[in-house]
Structure formats: structure tokens, C-alpha cells
Amino acid sequence: MKRLVIAVVLASLLSVPTSAGAHIFWSSYDSGKSTVGRAALDGGGVNEALVTDIYYGAGVATDGDYVYWGESGSSPTLASIGRATVDGGEVDHSFQSAATYCGVFGLRATSTDLYWLKSTCSGASRAIDRAPKAGGGYSEPGAGSGICGFDVSGDYVYWSESHYIARAPNTVPPQPADHTWLDVGASYGPCAVAVNGAHVFWTNASPLNGDFRGTTIGRATIDGNPASVNNSFIPGVSLFPGGGSPNGLAVEGDFVYWLNQPSGANLYGSVGRANLDGTGVDYAFVPHIFNPYSLDVDSSGPAPAPPGTGRPQFAPPPVPRIVGVSSSHSSFAPGGGSTPVRLSAGLGRAAASKRVPRGTVFTYDLDGDAAVRIEVRRVKGGRLAKGKCRKPKRGNAKKRKCDLVAHAPLLRGGAAGRNRVPYTGRVKKKALRPGRYRAVFTASGPGGQSKSASVAFRIVKP
């Protein structure tokens, strides 16, 4: 009889996921091969590929037993929320339908429900959806114009909207929201939001910074007292324009965590951490993370080590090097399909032509794995004015000619050895005009940024 009881207990334990300590989770955006990474609360035990092969993923959340992530698609029916156990097992890329395929979306998970940011293709109107993890109908606790990030805490859902932190009761059916609950100041643009029982935190961007790149984390008391607003609670962070990714901020246990996102051609960021009072700031608590977008923390395990102790030491990684670049055609006409800015499933097919080739294939060789930025410039297509190469117009017609950036840079991941990038000469449905161009390649990795290499080509009429 005792053996039977033991067997039943063991079977019941094996039927539910178990958490082997608490962790920090993040998503790394890499188009059709995005990943979810994980580290221990002391910053060690880094696994950058806990879950792989995520299609245009961004948002990430955890409830202690599972980790969840968002996946985009080419139509609303293909968008979904994936799920795996916290050790990376039982991967299900279609755990929950999300029906929001045009943008990245933040995620949060409670013991019973999933919440995610639902964006339209224009990005102007957004809503926060809620659905029970066990299945059931949707509800919409928050909606507004330009919602950037959100969090769920106790009786309320909080989100950023314009220069306000808004909130609404976390109820089904939804109740009216207070869209101006906390004014952080007209000169600021909050994005990612995190809340605990005492404070609300947000990532911040100031127009005074020129490029609207976020440089601070703000904080206020949970009662929404305007006098408690501190937009420089943690200065010196590095966030995307607009303040940060939808959920690049988390507050769990005794710490605030955030994502320092890449800048320029460097596609590596880090997880930062600080004490709840803003002291003990570590900007690279988990360093060298590829293109991080979203963050969540499960702090139900053992307490993490104090800052500066028990941390793994990293040898300085080498600077990547581009060995060589080339193009399959030195002259070609634009193809019919657009080249994606980030890697995607296909380019579309160009019409065949016997006289003039359509499109080309760029080739670049790397001495190690790296992220690669390809900037296409029209040779002497612009005019140098106020230190920048600008489009020609009457006011700068007599200025010195310069190479003008033709379209958005192409961002690709590269492996050691030879890499190929099909290029149609058309990006976002806009074809290059006839003329001389050059493609400038720059590789970046944890060790820094490579010297640039370029290949020239000419666009001709079909």
C-alpha cells in the first residue's frame, strides 16, 4: 500500500512543471530566428538560446513555472503567444492566439491570466488584451492612443500613454480608465512600465536628447502623487527611441531590472540592475546580449548575490572582422519584390529579363559570428549641409556633394565564413533610381564594431 501511495505522489509531482530557482528572462529579436534567453538571479548561468526558432518574437513574460513569448505572423490568424517550461522544455509556439501581427507586443503573466499589448499596423491605436491561461474569452482592460508599455499589479493595469502613466481597474468586464492618472511631464515620453506595491517605474526619453533616445528610468509613488515624480531616478541607461521596448523593465524582489539596448551598428545590449532605492546601479549585470527587446523576472527563488560579488568574469571578446564583400552583379535593374530590412521568409520574385539582370546577391565573409548592418548609399547623391549629407534642394545646390543614404539599413545576422544577402534594389516597395551606389558593410559583436567594407554597383533601367 505504501508503494502505491509513493507512486501516486511521484506521478503527481511529475505532471506539473517545477522551477529550479528563479531567473531573469529576455527576448532577443532576430527576425524569423528570434530567441528567449535566461540567466540566474546572480547574473550567472547565462543561456542565450533557452528557446529558439521564434518567428519575429519580442515580448516575454514568466509566471515562475513557464516562460511565455510573442510571435508575429503575416496575418492576424498566425500571430500567437508561445510557451515553454522555465528550463526550456515543452516548447509550444502556438499556446495562445494573439491576433496582433504588425508590431512587437509586451507580455505579462499572472498565476491565472496572460496580458499582451495589441498594436495596429499604424501603431496609433493600441490595446491591452487579457485572456485566462486555461482558455476562455478575451477582455480589454486598457486601450488608448500610442500605448508603449504596460504592467499588471494587484487591482490595476498600468500603461504609458503620451506623457502620462494611465491605469484602469483589473476587472472583467473592464471599467473606465484614468488616462491622465500620473503626469510625468510634457518634456518626457514614458514607455516600458513596471509596478510594485510601493512605486511605479518607467523608462524615459527626453526631447532634449536630440534623437529622443531614452537615457533615464523614472519613478513615482504608487498613490500617483505628482510631487513624487523623479524622471532621473536611474540615469545613464541606453534605450530605444521612444523610451524603450514595450516591456524592457521589471521590478521584482529587492531590485529594478532593465534592458540597455544597442545603439547604431552595435546589436549587443545588456540587462541592468539596481536596488529599489536607486543605489547599486550595475549597467551590465548580464552583459553581451544580442538585440534584447523584452524582459521579465521571476524572483520566487533564493535571493541573488549582492552587487559585485559572485559574478562571473568575462574575457574581452575580439572585435569582429569583415574579410571581404562582393556582389553577383555590378549593374542591375531593381527587382519586383522588396528586400526586407530584417530577414524574413521571402523576397518576392522579380520578372525575368534576358537583357538586364534583376537584383543581385551580396556576399560577405566574416571571421566569426556577428551582427551585420548594410547601408546602401548613392554616390554623390546628396549635399553636405550642417555636417550631414542631405537630399539635394535649391538651398544647398552649391554645397559639396556627398554619398546619400538611399533607404533604411539592412540588418542581418552573420555566421563565421561566407554569408549571402539577396538584394532586389527595392526596399519598402520603393526602387532605387538609376545611378551609382555602394553598399557599406559593418559587423558588430560583444567585442565592438568592425572596420567597414564596401562594394560598388550601378542601378540601370530595365
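When a/c is below 1.5 the answer is rounded, else prolate if a/b is larger than b/c, else oblate, so apply that to the range 322-459 with a ≥ b ≥ c taken from the square roots of the Cα gyration tensor eigenvalues. In terms of gyration-tensor shape, oblate. For the range 322-459, relative contact order (Cα pairs under 8 Å, six or more residues apart, normalised by length) works out to 34 percent.
Net charge of the neighbourhood of V229, taken over other residues with C-beta under 11 Å away and scored Lys/Arg +1, Asp/Glu -1, is 0. Taking each of K428/K461; K391/K428; K118/K388; K398/K429; K118/K393; K33/K391 in turn, the alpha-carbon distance tops 29 angstrom for K118/K388; K398/K429; K118/K393; K33/K391.
Electrostatic bookkeeping for L366 treats Lys and Arg as +1 and Asp and Glu as -1; over the other residues with beta carbon under 14 Å from its beta carbon, the sum is +3.
Computed from point charges on the beta carbon alone (+1 for Lys and Arg, -1 for Asp and Glu), the dipole magnitude for the range 322-459 about its Cα centre is near 1340 Debye.
Quick note: the coordinates plus some simple rules give every number you see, no bench work behind them. The model shown is predicted, which means the values in this text are computed figures rather than measured ones. Because the Cβ atoms are built from the backbone with ideal geometry, glycine has one as well, and the counts that use them run over all protein chains shown.
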